[in-house]
Amino acid sequence: MPKIDSFEKLQEAYKKYQPLLHSRKDGKTSVTTRTVLICGGTGCQSSESTVILSEFERLIAENKLQESVDVSIAGCFGFCEKGPIVKIFPENTFYVQVTPADVPEIVEQHLKSGKLVSRLLYEDPAKKEKISTSDEIPFYKLQKRVALRNCGLINPEKIEEYIANSGYQALGKALTQMTPAQVIDEVKRSGLRGRGGAGFPTGKKWEFARFYESDEKFVICNADEGDPGAFMDRSVMEGDAHSVIEGMALAGYAIGASQGYVYIRAEYPLAVNRLKIALSQAREYGLLGKNILGTDFSFDIDIRLGAGAFVCGEETALIHSIEGGRGEPRNKPPFPAQAGLWEKPTIVNNVETLANIPLIFQEGAEKFAELGSATSKGTKVFALAGKVNNVGLVEVPMGTKLREIIYDIGGGIRDGAQFKAAQTGGPSGGCIPAQFLDTAIDYESLMSIGSMMGSGGMIVLNDHDCMVNIARFYLEFTVEESCGRCAPCRIGNKRMLEILTDITEGRGTEADLRELKDLSQTIMDTSLCGLGQTAPNPVISTMKYFWDEYEAHVKEKRCPAGVCQKLLKYEIIPDKCIGCTACARNCPVSCITGSAKQPHVIDQSKCIKCGACMTKCRFGAITRN
């Protein structure tokens, strides 16, 4: 690879590699060379997208189409519900749920004859119409891809394609035309806030670290994404690791650091591998290392693998882990910007935050600040999951209404069920009920209703979900992941989990409900770190908005959603039972009695609530309450 040792050479490389993306960006059908992009994210790879790639390569070679068709992997397209996805340019054709068996038809019909394979196109469920391009699919219409701008557009394993899409231009501009103070000022004027949870202004954090004098400073990328159902940072690392590397280099220049670390969990093997490839390519091109672009600035990045401890998402616990210690948080102040890694000034930004940085310098702080709300600028990436039709990775301007995300982008609730709540912010967040569907998604608005942005998980719940059980699920996760350093988190959360377990198993009392409220406040006020302080949020929000469900569990020993197994009651309706004995024959504990052709009875003292009887009854004679 040729070394790029000046800003001028970087611009020459940009012009040289631009044709690589020509057909993908302008959409002109006059382009003679077609490009086939296949989703190479973890989700699609699990559904044989690598086999699909191999089939395309084989058939393109067999049909001698190498001169007119280029095929490669790409990052996540976002529409995970419809993966594996194949896009073909310049037509911008969007094929969904492609299998290896579909490849011969695509090659023969589309690549050789120019005809669309209609059966593989997305079908609008409302209009029952086929849609050939992603731009017209409702899932994408309200989205604005900023942090995800390269995911699904470039091959993440080719630095040339990143450069072709203005990659490293921001770094070149900063190193040759701006002082570190000007770089920090640009980030401050953009209004970018940390996308890892707390939403602290990124420029201010950098300014603090710049202020403190030290012989060494560090930049850390927090890629230790651990929230249940969250995969935002993983997808960015898999699809566009160079944007994170460039963002870290810009941060290093701004604060005066020469060394960076990416702390990423080992459970992300594909992201780790692509990050390693990107780092190697950046070094070979001279975009990392000594005297970058011929300037006095030197900066390099190493990888540190996390062992999957959720608490290491907290910045001081993460720092302790990099130092070789146990992943435990410490008291603040001092904050890492003053005394972080090895007691040196350190900034910690998460993946999404850093991925935004290059675009701020490419397009200007003012343009970035045009997106979003008054206090929350830019966009936010969400992992939209749960009981929603369109599961996937979503990026929308801050201030977008929750209703728009769930119904316009997410396609509404599965199976015609009713929306009940959206859980945002992971174990540190809260549950947002239907009355707040028109809430703007930004930092302050979510906090005002008892939830939080968090890193961007959004789990949609329907009327078949038990909110008490949801709170118990998140507390179970928090208790399992607690580092145990402080008593409020170690003991208090465990006690809350015990109470919630009692409630969901029919042993709860009204005194337990009072204790839950008291414990929640105590833990919030006295825990050492942000993870412990926010751990009660799922309990607090569900008790606030779904108090009737808690009361039903405690006073009536009933789960209104029919989820808590030990509170279920199966009964046989005498008028419907014909005495076929199917229920009795399939009961694993023989708690059903009755003569043939006579109504049967369930002994409630013996019933284990397994539901086998209801499953086997063909006459609707068994009810569950």
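Read-outs throughout are calculated quantities, based only on the coordinates presented, and are distinct from any laboratory measurement. Being a predicted model, the structure only gives us computed values, none of them experimental. Neighbour counts run over all protein chains shown; Cβ positions are idealised from the backbone, glycine included.
Tabulated data
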{"quantity": "Residue-averaged 222 nm ellipticity for the chain, from DSSP H runs of 4+ at -39500 (n - 2.57), nearest 500", "calculated": "-10500 deg cm²/dmol"}
{"quantity": "Stretch gain in nm, segment GLU105-LYS204, where the contour uses 0.36 nm per residue and the Cα spacing is subtracted", "calculated": "30.2 nm"}
{"quantity": "Principal axes of the stretch 19-137: Cα extent on each, largest first, Å", "calculated": "40, 31, 24"}
{"quantity": "Filter on LYS3/LYS173; LYS87/LYS112; LYS544/LYS569; LYS569/LYS606 - keep pairs with C-alpha separation over 21 Å", "calculated": "LYS544/LYS569"}
{"quantity": "Debye log10 I(q)/I(0) at q = 0.11 Å⁻¹ for the stretch 401-549, Cα point scatterers", "calculated": "-0.41"}
{"quantity": "Calculated from backbone phi, Karplus (6.51, -1.76, 1.60) coupling profile of the stretch 249-260 in Hz, x at Gly/Pro", "calculated": "5, 5, 5, x, 5, 5, 9, x, 9, 10, 9, x"}
{"quantity": "Net lengthening on full extension, GLU571/GLN11 (0.36 nm per residue, minus Cα-Cα)", "calculated": "194.1 nm"}
{"quantity": "Computed E for ASN92/THR581 - FRET, C-beta separation, R0 45 angstrom, nearest 0.05", "calculated": "0.15"}
{"quantity": "Estimated FRET transfer efficiency when R0 is 22 angstrom, pair ARG507-SER590 (beta carbons, to 0.05)", "calculated": "0.25"}
{"quantity": "Nitroxide proxy distance, nm - points 7 Å out along Cα→Cβ at THR33 and GLU213", "calculated": "5.5 nm"}
{"quantity": "Fraction of antiparallel bridges per DSSP, the chain only, in percent to nearest 5", "calculated": "55 percent"}
{"quantity": "Spin-label pair SER47/SER68, simplified geometry with 7 Å Cα→Cβ offset, distance in nm", "calculated": "3.0 nm"}
{"quantity": "Karplus-derived HN-Hα couplings along the stretch 531-538 (A = 6.51, B = -1.76, C = 1.60, θ = phi - 60°), whole Hz, x at Gly and Pro", "calculated": "5, x, 5, 9, 4, x, 3, x"}
{"quantity": "Over the stretch 434-500, equivalent-ellipsoid semi-axes from the Cα gyration tensor in Å", "calculated": "26, 17, 10"}
{"quantity": "Compactness relative to 2.2 N^0.38 Å, alpha carbon Rg of the stretch 167-368", "calculated": "0.93"}
{"quantity": "Difference of contour (0.36 nm per residue) and Cα-Cα distance, ALA181 to GLN362", "calculated": "63.4 nm"}
{"quantity": "For the stretch 467-555, with +1 on Lys and Arg beta carbons and -1 on Asp and Glu, the positive-most of PHE473, THR509, CYS489 along the dipole", "calculated": "CYS489"}
{"quantity": "Normalised contact order of the chain, rounded percent, pairs of Cα under 8 Å and 6 or more residues apart", "calculated": "12 percent"}
{"quantity": "FRET E, pair ASP135, ASP302, Förster distance 25 Å, beta-carbon r, rounded to 0.05", "calculated": "0.05"}
{"quantity": "Isotropic mean projected area of the C-alpha convex hull, the stretch 379-462 (nm²)", "calculated": "4.4 nm²"}
{"quantity": "(i) 0.94; (ii) 1.00; (iii) 1.03, with the label sought being that of the calculated Rg/Rh (Cα atoms, Kirkwood Rh)", "calculated": "(iii)"}
{"quantity": "Dipole moment magnitude, nearest 20 debye, the chain about Cα centre, only Lys, Arg, Asp, Glu C-beta charged", "calculated": "1200 debye"}
{"quantity": "Nonlocal amide H pairs with GLY430, under 5 Å, H built at 1.01 Å", "calculated": "THR424, MET452"}
{"quantity": "Vicinal HN-Hα couplings computed from phi for the stretch 572-577 (Karplus, 6.51 cos²θ - 1.76 cosθ + 1.60; Hz; Gly/Pro x)", "calculated": "9, 7, x, 5, 9, 6"}
